[in-house]
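Scroll down for the structure; my scribbles are underneath it.
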Amino acid sequence: MGRKLAAGNWKMNGTPAMLDGLKTLSAPNGTQVLICPPAPLIHRAAQIAGPVAIGGQDCHTQASGAHTGDTAASMLKDAGATYVIVGHSERRADHAETNAQIRAKAEAAYAAGLTAIICIGESEAERLGPDCLDIIAAQLDGSTPDGATADNTVIAYEPIWAIGTGRVPTLDQIIETHDMIREKLTNRFAAQGTTMSILYGGSVKPSNAAEIFTAQNVDGALVGGASLKPDDFQPIIDALAAS
Ligand code: PGA
């Protein structure tokens, strides 16, 4: 069992007006709530977020330098972030990010004192093929640094075909995949691996969250669309707290 984490990924959505909604979110005892807004909103979000932690959606592998348009992990930290998502499938697709780069980004996050949320997950064709779990295991292995601990790392399993589609794997598929991830983490990181949080992501809604959270090795969720409105996100947080 890892820490219970309800993480919202706003992607390239969000206005200053939406930050007011953060004030209405509550984080029940024992449950960490996180919102990852676009980078320009992080500073303001961190000032008003109360019990809600704030994170970035990506960081560069380097601490500084000639990388126009990129953001260093330390800059996210300075702005008030405590987490950063790395290797989201949209970054892997839009920016051709590799497992090795994502591992380096996670290391940059650690160096800045941020917790890295490392995303992995298969395409639909891979889900239908015979090697699905092996593919996910290879992503996990390649994207996770040797220095990962239960404190500095969260794993997010996000099937690409479930993101923003309203489709979710069966509960059995989620259980099987998360159990595999837990086994790999425990084999590689021993006690740290047994308590590292593993989130499920992909079309998590108020209507399906409670069922997903019944899975033993699902410690929380990475939520896109349903994190944009407090009325949708709070029931997911509450379902996690009750699980
Ligand atoms: P979704 O996105 O909840 O809108 O499917 C999840 C994610 O991409 O993190």
Of the convex hull drawn through the C-alpha atoms of the stretch 1-130, the volume per residue in Å³ is 138 Å³
Number of Lys pairs in the chain closer than 15 Å at Cα, excluding neighbours under 8 places apart unless interchain, is 4
With a 1.4 angstrom probe the carbon and sulfur portion of accessible area for the stretch 115-243, in percent, totals 51 percent
In debye to the nearest 20, the charge dipole size for the chain, taken about the Cα centre with +1 at each Lys and Arg Cβ and -1 at each Asp and Glu Cβ, equals 620 debye
In whole µm²/s, the translational diffusion coefficient that Stokes-Einstein assigns to the chain, given a Kirkwood hydrodynamic radius over C-alpha pairs, 10 °C and 1.306 mPa s, equals 90 µm²/s
Expected unfolding gain across Ala111-Arg188 under the 0.36 nm per residue rule, minus the alpha-carbon gap, is 25.6 nm
Using a 1.4 Å probe on heavy atoms of the protein chains only, the accessible area for His43 in Å², nearest 10, reads 100 Å²
Between the modelled labels at Ala138 and Asn29 (7 Å from Cα along Cα→Cβ) the distance in nm is 4.7 nm
By the mean-Cβ-within-10 Å protection proxy, highest first, 112-118, 57-63 rank as 112-118, 57-63
Computed about the Cα centre, the charge dipole of the stretch 18-115 from +1 Lys/Arg and -1 Asp/Glu charges at the Cβ has a magnitude in debye, to the nearest 20, of 160 debye
For the Thr98, Asp172 Cβ pair and Förster radius 45 Å, calculated FRET efficiency rounded to 0.05 is 0.90
Expressed in angstrom and rounded, the centroid-to-centroid distance over alpha carbons for the stretch 13-45 and the stretch 163-232 is 21 Å
Expressed in square angstrom to the nearest 10, the accessible area of Arg92 with a 1.4 Å probe stands at 40 Å²
Over the chain, the sum of -39500 (n - 2.57) across DSSP H runs of at least four, divided by residue number and rounded to 500 deg cm²/dmol, gives at 222 nm -11000 deg cm²/dmol
A chain fully extended from Ala242 to Asp70 at 0.36 nm per residue, minus the present Cα-Cα distance, gains in nm 58.1 nm
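The values are calculated or read from the model by the stated rules, or taken from the named source; none is laboratory data. What you see is a predicted model; the values in this text were computed from it and never measured. Glycine gets a Cβ as well: all are built from the backbone with ideal geometry, and neighbour counts include every protein chain shown. These area figures cover heavy atoms from the full protein model, side chains too; ligands, DNA and RNA do not enter into them. Shrake-Rupley method; radii C 1.70, N 1.55, O 1.52, S 1.80 Å.
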